[in-house]
Each structure stands twice: as structure tokens, then as C-alpha cells.
1. How about the range 247-262: which of its residues are surrounded by fewer than 16 Cβ atoms within 10 Å (Cβ to Cβ) and closer than 24 Å to residue 180 by Cβ?
2. Return yes or no: is residue 220 among the charged types (D, E, K, R), outside the structural domain of residue 103 (by TED's automatic domain parsing) and out of contact with any Asp or Glu (no Cβ under 8 Å at 6 or more places or on another chain)?
3. Are there strands (runs of 3 or more DSSP E) fully within the range 137-221 with at least 3 residues that are within 30 Å of residue 14 (Cα to Cα)? List them.
4. Looking at the range 224-246 only, could you name the residues that are surrounded by fewer than 21 Cβ atoms within 10 Å (Cβ to Cβ) and assigned to a loop (DSSP other than H, G, I, E, B)?
5. Does residue 294 fit the bill of being at pLDDT below 90 and under 23 Å from residue 112 (Cβ atoms)?
6. Looking at the range 1-19, which of its residues are part of a helix (DSSP H, G or I) and either surrounded by fewer than 14 Cβ atoms within 10 Å (Cβ to Cβ) or of a type in the set (Val, Ile, Thr) (or both)?
Amino acid sequence: MDSLQAYAAFVRTFEAGSFSAVARELGTTQSAVSKQIASLERSLGVQLFARTTRRLQPTAEALQLYEHVRQLLDAVDGVRAGERGAQLTGTLRISAPSAYGRRRLCPLVPEFLRQHPLVRLEIVLTEQDSDLIGEGFELGVRIGELPASTLMARPIDSIEYLLVATPDYLECHGTPESPIELADHACVALGGSGRFARWEFESENGRQAVEVSGPVQVNDPDAVYALLKAHQGIGLVPRWAVGDDLERGRLRWLMPDYYPLSQRVSVVYPKTRFLSQRARRFIDFLVSARGMSVA
């Protein structure tokens, strides 16, 4: 048995809580992972996991072992990278919101892979906040304020929003001059958790908030944008989604003296995990690419 491979399987099983999740990540079978852990337990003379029908529960010995092994694997990863002239290897699994991933994350991938050609990126785009450990992700991208959790976070970007509508919609329904007037308009909101959405704006007169509603809510910024261009109402869209539609007159920017609240974008990872060199390098790359300061 390759002891280093067995210890790596132990770490991933500790983090994921199941043999099946690790098997999916490593491209092997659940039985193979189970055998590696059983062999490691025999070699150490201790039980590392209490097997239950729903989840593997780490023993006290596993808790003691995990921190040391994770640091060892990270050190080995760093040494191997140095031996290859700082060429990182391995697969980095990342989850990210769909529209942000398409528009902001994926365009950066070619340059990262040019710098690190031996790394393989597996990016899963989803509108749900992934269970990083349970689903085998090393990193996740989150938009907005983060609730208290067991995740560490590092800001990588900030999303600025514009309030826009088509000339056709405005000709039929009028042009709002202040946030309060939006309550009388059809607003296409990003979300889907209730009839009303709450939009907040900053101005020289302070912060103003308004509850808006409309004929449709969707959970994807690109879908919001498509509906706005189809004259379905007024909406907030990321500045990076607008393209040349403002310059060409297909959309109008409304209430430029009122600034919709921006949203922070962060990379998150479990506090219990010692990041691999490829994950650390990818985070540094994103921070540098987006010009964000460390927070």
C-alpha cells in the first residue's frame, strides 16, 4: 500500500464524511477507499472512523491525527511543486454561482492554466451554496454577506449594479426619478423567495430602501437581463453584464444619482482544511486579477 496515498484518502474521508464522496472525487470505488482506510487503521493499530448507516464519525484518534497529516500532505505538495520548478499539479474542485462563474471566473481560467499547466480545474456552476466538504470541493465562491459558519473567507471581487430598463418599457410606463417610485413599476428581481424584493440605494440624502414586485423573479442575473431586454420591466443588473447595450441605446441607465448597494464576492473554504498549494495559488491569482486587497 502506498502510505502517502492512504493518508491522503484518510484526510479526504475525514473532510467529506463518507467513502462514496471521496471515491467520486478520486475517480475510484467506494470499496477501494474503504480498504485503504482499513489498511491504515491496521497499520496504526487504532480505529479512525466509527461506521454508521448515515455518516462516518471520526474517532478521537482521527481528530488527533488529522491536523498533522494535513500539514504533512500540504508540505509534500509544496516540495513536489518546487521540484517541478514551481509547477503545481493535481485537481482543484471549485463551486461558483452560475452567472458569476460564466462571466467573471471562467474568463480568468486560461491565464491561470497557462501559468500552471499541470493543474486541472473542475468548476461546478450552481445557484445553490454547495456543501464544500460533503461534495468534495476545496474552494467555493460566495456572493454577498456571509453568515457565521465554519468557513474561512477571502474577498476577491465586488459586484456593482446598475438600474436599467428598455426605452420601450419606459415609453409605455414612465421613467422613475427616485427609488420610491419603483414600487409602482414592474420590476424584474433576482431571487425567487417571495412576492417582494427589497432594493437599497445610497445617495447624498442617505440610504433608501424600497420593496419592489413584478410579473417574474428568476435566480440568474443573465435571465434577469434577458427579461429586461424583452421590455418586461426595470431591474438591477451587474455592471459587467451590460456590455454595449447602454451605448447603443438598447437600455437606459436609470437614477444615476442613486447607487445600488454593491455585493462582495469571496472565496471560501473550511476552517478545518489546510489548503493545498494549488488552492492557495488560485486564490492569490484571483485576488491579483481583480485588484482586491486582502481582508
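The values are calculated or read from the model by the stated rules, or taken from the named source; none is laboratory data. Note that this is a predicted model, so its numbers are computed, not measured. Here the Cβ is made from the backbone with ideal geometry for all residues, glycine too, and neighbour counts use every protein chain on show.
1. Within the range 247-262, 253, 256, 257, 261, 262 meet the criteria.
2. No; evaluated as a whole, the condition is false for this residue.
3. The qualifying strands (runs of 3 or more DSSP E) are 139-143, 151-159.
4. The answer is 230, 231, 232, 243, 244, 245, 246.
5. Answer is yes for this residue.
6. 3, 4, 5, 11, 13 - these are the residues of the range 1-19 that are part of a helix (DSSP H, G or I) and either surrounded by fewer than 14 Cβ atoms within 10 Å (Cβ to Cβ) or of a type in the set (Val, Ile, Thr) (or both).
Conditions (1) modelled with pLDDT under 80; (2) outside any helix (DSSP H, G or I); (3) at negative phi, marked per residue:
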residue: 40; (1), (2), (3): no, no, yes
residue: 53; (1), (2), (3): yes, yes, yes
residue: 69; (1), (2), (3): no, no, yes
residue: 73; (1), (2), (3): yes, no, yes
residue: 76; (1), (2), (3): yes, no, yes
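Condition check ((1) at pLDDT 95 or above; (2) assigned by TED's automatic domain parsing to the domain that holds residue 103) across all residues:
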{"site": "232", "(1), (2)": "yes, no"}
{"site": "237", "(1), (2)": "no, no"}
{"site": "241", "(1), (2)": "no, no"}
{"site": "269", "(1), (2)": "no, yes"}
{"site": "273", "(1), (2)": "no, yes"}
